[in-house]
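Any read-out appearing in this document is the output of simple, stated calculations on the displayed coordinates, not a laboratory observation. Worth saying up front: this structure is predicted, and the values here are computed from it rather than measured. Counting neighbours? That spans all protein chains shown, and the Cβs are built from the backbone with ideal geometry, glycine included.
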Amino acid sequence: MRCLFRPCKRILPSTASGLLAVTILALLTHPSHATTLADDAPSVQTDVSLDLPDLSPPATSAGQQTTGKESTLFEDIPSVYGAAKYDQKVHEAPAAVIIITADQIKKYGYRNFAQILDSVPGLFTSNDRNYGYLGIRGFNRPGDYTSRVLLLIDNHRLNDAVYDQGGSGTEMPIDVDLIDRVEIIKGPGSSLYGTNAFFGVVNVITKRGRDLKGAEVSGEASSFNTYRSRLSYGNKFSNGLEMLLSGSFSDSEGHRDLSYPAFSSINNGIAKDADRDNLYYYTGKLSYGDFTLLGGHQWRKKNVPTASFGTVFNDNRQNTIDERTYLDLVYQHEFVNQLNVKARVYYDRYYYRAHLPYDYAGTGTPPFTINKDSTEADWWGAELTITKRLFDHHKVTVGAEYRDQFRLNQSNADIAPPSTYLDDKRTSSFVAAYLQDEWAITDHLVLTAGLRHDQYSTFGGTTNPRAGLISTWDKTTVKLLYGQAFRAPNPYEQFYVTGSTFKANPDIRPERIKTYELVVEQYLGDHLRALGSLYRYNISGLISQTTDPTDGKLFYSNVDNIHARGVELALEGKWPSGMEGRLSYALQHTENEDGDRRLTNSPQHLAKANVILPVITDKLFAGFEGRYTSSRLTLAGNSASPFYILNVSLFSQRIVKGWELSGHINNLMNQKYGYPGSGEHVQDVIDQDGRTFWVKLKYRF
């Protein structure tokens, strides 16, 4: 059992984070740092320190643009980087793309990453009061750690090397105040990114130093005695140096009393003071010339109230600690012959530990045995990407990547009396090469085709293609898309062992997906844009947990084949007054090939409505968000009830110079709802919070 859990004693920030901080401080002490560049000073663009998007309207033909009066939406067509590993307009990207901007984040009052993702058409999240999980297009197996969506920060991979975990809760190592935009790129992405880009890629682009132009401090208070603070500094200096440095801290007591009827014989089923959530993160970005250094460090400790994995109920010593550190050095230069070269080298560290109380004697009284479950992973890698315009009609990208996962350690043991169940130490590596061509066949028709081959030291090789045919006429874009992707088996699935519960299976093969999709984007008048997507995907060899009937032990294996189809519809609007909004609906149907069984934790209907209203022009805004989620099948064959959530926010700026004040009420109607629990939980449905609130004050100087 991954005992869903992680590190238990506070650890000093890693050497990598210290190195980043020392480097930035050393540069700040340089005498030339005192003068700030003008707003219109030229900037150096890299793949992690991006210029503001080119906001031109859609092209009517290759190299041409629409003429006449531009609409508000046309003026705000964003660029996306993650769909092709270079900037392009969203209507040009070979994928269905949604962009969430920093302006939307603050006006809707999003305070964690899950709230951002929940606003996106076709996406849904869940939470088991330890970790957050992201679902996309009807797929979110309980407890899968979001391993089938690739999460990036400034194009740096966040999914770890042992569990493939990509966090969507507070374990996501970024303060949302530092986000410039979030790129949600749906569909297979293995042709460029390799493993984990199974259902899509979520790329978080953070702000740059010039976006702050000084220091910011913020503080907020919210329900459950939750307090957060942040101190950030960013600027671009006359010597060409640009930097951003930020630190954030959060402390939450969580629910003081959580009721779980399944444990009614223990403290009347009340878990007391067992929901605390503490975390801090440091983030840095430093750019000079053609080089960019970025990094981050996060430490998070979460108490777990659900007594998962058979632990003792109402023992608040049960907790998990996750620590995540990364450094990424990027070089990018565009030569005069339209040759763009990007090279990067990176280092990552992931550390997890949990303390789990067990009543092996079955007495129901202390002392209980504390089991320690831990993971330590370190890896480094390098990537080279070259993009070149050829013969006027081709934009070719070639690249290669190498990763060395030189520490993949998992252990599980009782502390007293000491007993070791797992002490597994491994290494692995892979090398990959990829090729993509964007071919302008005619003025209105573009074909994008790509292929990537990954060669692993563990299971061998896998090759994954994709192709997209994109036609753009005036205000209409039609995309025909096909793609394949894979997810490699991870060390947890292959080698995790605990006593009489789990056993290893090193023979797992990669799981695979094939996706077919039709996307239509249509501008309606000056202020509206309609988006539609019709898709079908087939998964073969899905890695799932199963039981060996000969010994009763759990293990992972390629046992499932999945079929799914669905449609996503959205209507976006934006007006010069500052009003904007989105309506969306997703119908999705996923089933297991064996007996056509509906998948667990897969809502068939998702409906969402978002609107921002200016109350006082450019000074005060109100945000409203409603989300409907239909019922979901649980592991026990029951249904988690459908629910509707209404959120309301207020955001003020420029009323008093330098100050911003905002407030938010989540679940205004105090709706009772829950998410299906995974196999390690006694609870079939895990209840979520009712009405909550927060207020925040920010000052820039």
Cα centre as origin, Lys/Arg/Asp/Glu Cβ charges: the chain dipole, Debye
700
Quick one: compute the contact order of the stretch 168-267, relative version, from alpha carbon pairs under 8 angstrom and 6+ residues apart, as a percent.
19
Please report how far the C-alpha centroid of the stretch 659-685 lies from that of the stretch 460-519, rounded to the nearest whole angstrom.
30
Farthest positive-ward along the chain dipole, Cα basis, beta-carbon charges - from Leu534, Gly677, Gly499
Gly677
Run the numbers for Asn337 and Thr363: contour at 0.36 nm per residue of separation, minus the present Cα-Cα distance, in nm.
1.7 nm
15 Å beta-carbon shell around Ser232, net charge (K/R +1, D/E -1)
+4
Gain on full stretching of the segment that runs from Ala413 to Ser264 - 0.36 nm per residue minus C-alpha separation:
50.7 nm
Using a 7 Å offset from Cα along Cα-Cβ at Tyr516, what residues in the stretch 461-475 end up with backbone N under 20 Å from the label point?
464-471
As a test, work out the antiparallel percent of DSSP beta bridges whose residues both lie in the chain, rounded to the nearest 5.
100
Can you give the helix-only mean residue ellipticity at 222 nm for the chain, where every DSSP H stretch with n ≥ 4 adds -39500 (n - 2.57) and the sum goes over all residues, rounded to the nearest 500 deg cm²/dmol?
-1500 deg cm²/dmol
In percent, what relative contact order does the chain have, based on Cα pairs under 8 Å that are 6 or more apart in sequence?
13
Past 21 Å, Cα to Cα: identify those pairs from Lys619/Lys657; Lys301/Lys425; Lys89/Lys236; Lys106/Lys213; Lys107/Lys657, in the order given.
Lys301/Lys425; Lys89/Lys236
So who's got an amide H within less than 5 Å of the one on Asp257, skipping anything under 5 residues away but keeping other chains? H placed 1.01 Å off N, in plane.
Asp273
Neighbour-limited loop hits for trypsin sites (Lys or Arg not before Pro), the stretch 631-690 (at most 14 other Cβ within 10 Å; DSSP other than H, G, I, E, B)
Arg654, Lys657, Lys672
In the stretch 200-299, what chymotrypsin sites (Phe, Trp or Tyr not before Pro) fall in a loop by DSSP, with at most 15 other Cβ atoms inside 10 Å?
Phe224
In degrees, nearest ten, helix 15-28 long axis to first principal axis of the chain (Cα)
30
Quick one: what Rg and Dmax do you get for the chain from the alpha carbons, in Å?
24.7, 80
Mind scanning Lys186/Lys395; Lys672/Lys698; Lys672/Lys696 and naming the pairs with a C-alpha gap bigger than 30 Å?
Lys672/Lys698
Could you give the nm distance between label points at Ala622 and Tyr227, where each point is 7 Å from its Cα heading toward the beta carbon?
3.2
